Amino acid sequence: MIRNMGRALMLDVDFYSHVARTPVLFWQAAAVVTFANMFAGIGSSIATGSDPLVGGAVGVATGVSGWVVWSGVAYLVGVRVFGGDTSYRAMLRVVGFAYAPLTFGVVPWLGFVGAAWALLAAVVAIHESMAFSTRRSFATMAPGWVVWLGLAVGINVALGWDFFSTWRV
């Protein structure tokens, strides 16, 4: 799994193409999502002076639910709007590995770098999963990410996790 995360971080197009075609990698993708978001949540909690256990748990809850929703929206946009050819499970796998850069979020303030990197990785992942142009891949990725962001903010607000107002410099 560590080697696969490294390939995902390197934006290896052959790797993402392989992931799209290899159903057995589903649980690895799920583990990447879980651990990457746990680390990002811990980093956010460190930056805000909050409890790292709570931060990790909120990160996992937000990340896993966001993964399912983001992948679903990307699948629907890619298949229904742009005529792509993939399955929802394949989309879960490639988007799951695109979460790998979020592991850098364990270091406060590197979470933003990891998030930007993850967006780029998702474009590469969708590009390989659906054999789209980069422009179509971005247009497929963006709506799902917007929905994911709204979900993440909603979960954080519902749980009282107000990290935007308490970031320490």
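Quick notes
- Summarising the label geometry, the points placed 7 Å from Cα in the beta-carbon direction at S133 and A158 lie 3.9 nm from one another.
- Over segment 2-160, Cα pairs under 8 Å with separation of 6+ residues give a relative contact order of 29 percent.
- Which labelled figure in (i) 17.4; (ii) 16.9; (iii) 15.6 is Kirkwood radius over Cα pairs in Å, once derived from the coordinates: (iii)
- Restriction of the trypsin sites (Lys or Arg not before Pro) in segment 68-168 to DSSP coil positions whose beta-carbon has at most 12 other beta-carbons within 10 angstrom yields R168.
- Equivalent ellipsoid semi-axes - Cα gyration tensor, segment 5-69, angstrom: 27, 13, 8
- Comparing mean-square fluctuations of V95, V157, V69 from a GNM of the chain with C-alpha springs under 10 Å, the top value falls on V157.
- Computed [θ] at 222 nm, deg cm²/dmol, the chain (DSSP H ≥ 4; -39,500 (n - 2.57); rounded to nearest 500): -24000 deg cm²/dmol
No lab work stands behind these numbers, since they all come straight from the coordinates. Just so it is clear, the structure is predicted and the values come from calculations on it, not from any experiment. Positions of Cβ are backbone-derived with ideal geometry, glycine not excepted, and every protein chain shown enters the neighbour counts.
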